[in-house]
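> Below is a structure I'd like to ask you about.
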Amino acid sequence: MLKGKTVLLGVTGSIAAYKTASLASALKKLHADVHVLMTQNAVNFINPITFETLTGNKCLVDTFDRNFEYSVEHVSLAKKADVVMIAPASANVIGKIAHGIADDMLTTTVMACRCRKIVAPAMNTNMFENPIVQDNMKILEKYGYEVISPAVGYLACGDTGAGKMPEPELLLEYILQEIACEKDMQGLNVLVTAGPTQEAADPVRYLTNHSTGKMGYAIATVCARRGASVTLVSGPTALKKPQFVRTVEITTAKEMFEAVTERAAEQDIIVKAAAVADYRPKSVSSEKMKKKDGELTLELERTDDILAWLGGHKRPGQFLCGFAMETQDLIGNARQKLQKKNLDMIVANSLRVEGAGFGGDTNVVTMITENEELSLGKMSKEETASKIMDRIMDIRAAEDIGGSENNRI
């Protein structure tokens, strides 16, 4: 994912420095070229050899290291960098960078960088809340730095409050958001639906399905990384909310209908990946239905057809993509849905195919439009999401070109 990208990690004097080792390892696994710069105080918390082992690159501490290759290192690294993250960032280093002080390898290199710079503060709560530190962070933001809000919790000093460095997984998301993808969707509004709905029968029981939301969440994440403004309307899932995405949580099909339809007009692309209930109990008992001898009949009624509504209200230039999960006649049923709902594309998969369906981390899909069918092999849901959005963007581009040519004629 990050092959050909150079990431500079700055490590300052904080007990949280050990977390940056996990971040460096994760970046390396994604094939990034990772370089670590440490302040002299940071080496008291973690040994530079740790980072050299994880990254395969020399960890730089001294600006005037005469045992390293002949070059102006702070300039050469700054030119190579695609993104810089200082994590943990101490109050001292935040203050120095905010006021243009460059007196070691880390601060000197950061000053020479033109790429995006991200800072993850980590310090005692009282230090973090000090007005001087708060002002320094505002200065960094003024100059284009991104400052990640620290986590709140129990600190190494024994205090409880803001000041914990976020976990490496979250820091990685910030880096991926910045450099993982080209920003070819910048300026586009995208709405994605994901997960199941739950239709109550009584205060205890509900009707639902096996959807986990993984496919829709992957699509939302990919769109955000490509620069889109993304709204995710999600049914109940066990997944963490994607970073850099506005998430609207719903429970029922009716709530999803309302959440989607009130936002639909402003969207450039809508991807309906949710598994919405087709039916709900006609009446909901206010008390738990007690078990009795004999059979129980539960009368059902249709829910609102969100996709049909969107197809009927689709504005010019809006792209509408649906999903079809089938157990038989995959292509035929999907094509019927494509035409009936007035979709631009439908993504079909089958529960009968190994690696597809609910719950897994992979999918096997066929992308269907009026004139073509493109089948993808088994791949991760994030890779599948990327391929789906690639195809949608290609179709949009072709339609724009055709429209422009017609206008010229």
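The values are calculated or read from the model by the stated rules, or taken from the named source; none is laboratory data. Computed from a predicted model, the values in this text were never measured in an experiment. When we count neighbours, we look across all protein chains shown, and the Cβ atoms used for this are built from the backbone with ideal geometry, even at glycine. Please note that ligands, DNA and RNA were not included when accessible areas were found on the heavy atoms of the full protein model with its side chains. Shrake-Rupley method; radii C 1.70, N 1.55, O 1.52, S 1.80 Å.
> From the residues in the range 363-377 that are of a type outside the set (S, T, N, Q) and free of Cβ contacts under 8 Å to residues at least 24 places away in the same chain, which one is least open to solvent (accessible area, probe 1.4 Å)? Show your work before the answer.
First, the residues of the range 363-377 that are of a type outside the set (S, T, N, Q): 364-365, 367-368, 370, 372-374, 376-377.
Now restrict to residues that are free of Cβ contacts under 8 Å to residues at least 24 places away in the same chain: 364-365, 372, 374, 376-377.
On the way: Val364: 35, Val365: 3, Glu372: 50, Leu374: 66, Leu376: 32, Gly377: 43 Å².
Looking at the filtered set, the residue picked out is Val365.
> Please find, within the range 109-123, the residue that is surrounded by the fewest Cβ atoms within 10 Å (Cβ to Cβ) out of those that are of a type outside the set (A, V, I, L, M) and closer than 13 Å to Leu8 by Cα.
Arg114
> Which one is modelled with the lowest pLDDT, of the residues in the range 141-170 that are touching a Lys or Arg at 6+ places or on another chain (Cβ under 8 Å) and surrounded by 15 or more Cβ atoms within 10 Å (Cβ to Cβ)?
The selected residue is Leu155.
> Can you find, within the range 356-392, the residue that is modelled with the lowest pLDDT among those that are part of a loop (DSSP other than H, G, I, E, B) and within 19 Å of the chain's Cα centre (by Cα)?
Applying the filter and picking the extreme gives Gly359.
> Looking only at the range 393-403, decide whether some residue is part of a helix (DSSP H, G or I), β-branched (Val, Ile, Thr), touching a residue at least 60 places away in the same chain (Cβ under 8 Å) and under 20 Å from Pro196 (Cα atoms). I'd like the intermediate steps shown before the answer.
First, the residues of the range 393-403 that are part of a helix (DSSP H, G or I): 393-403.
Pick out the ones that are also β-branched (Val, Ile, Thr) and you get 395, 401.
Keeping just the survivors that are touching a residue at least 60 places away in the same chain (Cβ under 8 Å) gives 395.
Next, only the ones that are under 20 Å from Pro196 (Cα atoms) stay: none.
The answer is no, given that none of the residues of the range 393-403 is part of a helix (DSSP H, G or I), β-branched (Val, Ile, Thr), touching a residue at least 60 places away in the same chain (Cβ under 8 Å) and under 20 Å from Pro196 (Cα atoms).
> Let me ask something else about it. Being surrounded by 12 or more Cβ atoms within 10 Å (Cβ to Cβ) and among the charged types (D, E, K, R) is the filter; apply it to the range 310-344 and report the residue that is nearest to Ala398 (Cα to Cα).
Among them, the one singled out is Asp344.
> Could you list all residues from the range 1-33 that are under 19 Å from Arg225 (Cβ atoms) and open to solvent by less than 50 Å² (accessible area, probe 1.4 Å)?
Leu2, Thr6, Val7, Leu23, Ala26, Leu27, Leu30, Ala32 - these are the residues of the range 1-33 that are under 19 Å from Arg225 (Cβ atoms) and open to solvent by less than 50 Å² (accessible area, probe 1.4 Å).
> Looking at (1) over 24 Å from Thr303 (Cβ atoms); (2) open to solvent by less than 10 Å² (accessible area, probe 1.4 Å); (3) part of a loop (DSSP other than H, G, I, E, B), find the lone condition where Phe244 falls short.
(2)
> Of the numbered conditions (1) open to solvent by less than 40 Å² (accessible area, probe 1.4 Å); (2) touching a strand residue (DSSP E or B) at 6+ places or on another chain (Cβ under 6 Å), Leu176 fails exactly one; give the number of that condition.
Looking at each condition in turn, Leu176 falls short on (2).
> Among the numbered criteria (1) surrounded by 24 or more Cβ atoms within 10 Å (Cβ to Cβ); (2) touching a helix residue (DSSP H, G or I) at 6+ places or on another chain (Cβ under 6 Å); (3) of a type in the set (A, V, I, L, M, F, W, C), which single criterion is violated by Ala220?
For Ala220, the failing item is (2).
> Now a separate question. Is there a residue being among the aromatic types (Phe, Trp, Tyr), within 18 Å of Gln186 (Cβ to Cβ) and within 10 Å of the chain's Cα centre (by Cα) anywhere in the range 239-246?
Scanning the range 239-246, I find at least one residue that is among the aromatic types (Phe, Trp, Tyr), within 18 Å of Gln186 (Cβ to Cβ) and within 10 Å of the chain's Cα centre (by Cα), so the answer is yes.
Conditions tested, residue by residue: (1) among the hydroxyl-bearing types (Ser, Thr, Tyr); (2) under 28 Å from Thr20 (Cβ atoms); (3) assigned to a strand (DSSP E or B).
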| position | (1), (2), (3) |
| --- | --- |
| Gly153 | no, yes, yes |
| Gly161 | no, yes, yes |
| Leu172 | no, yes, no |
| Glu182 | no, yes, no |
| Ser211 | yes, no, no |
| Ile219 | no, no, no |
| Val222 | no, yes, no |
| Thr231 | yes, no, yes |
| Glu255 | no, no, no |
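> Using the structure shown, decide if Arg352 is in contact with a Ser or Thr (Cβ under 9 Å, 6 or more places away or on another chain), in a loop (DSSP other than H, G, I, E, B) and in contact (Cβ under 8 Å) with a residue 12 or more places away in the chain.
yes
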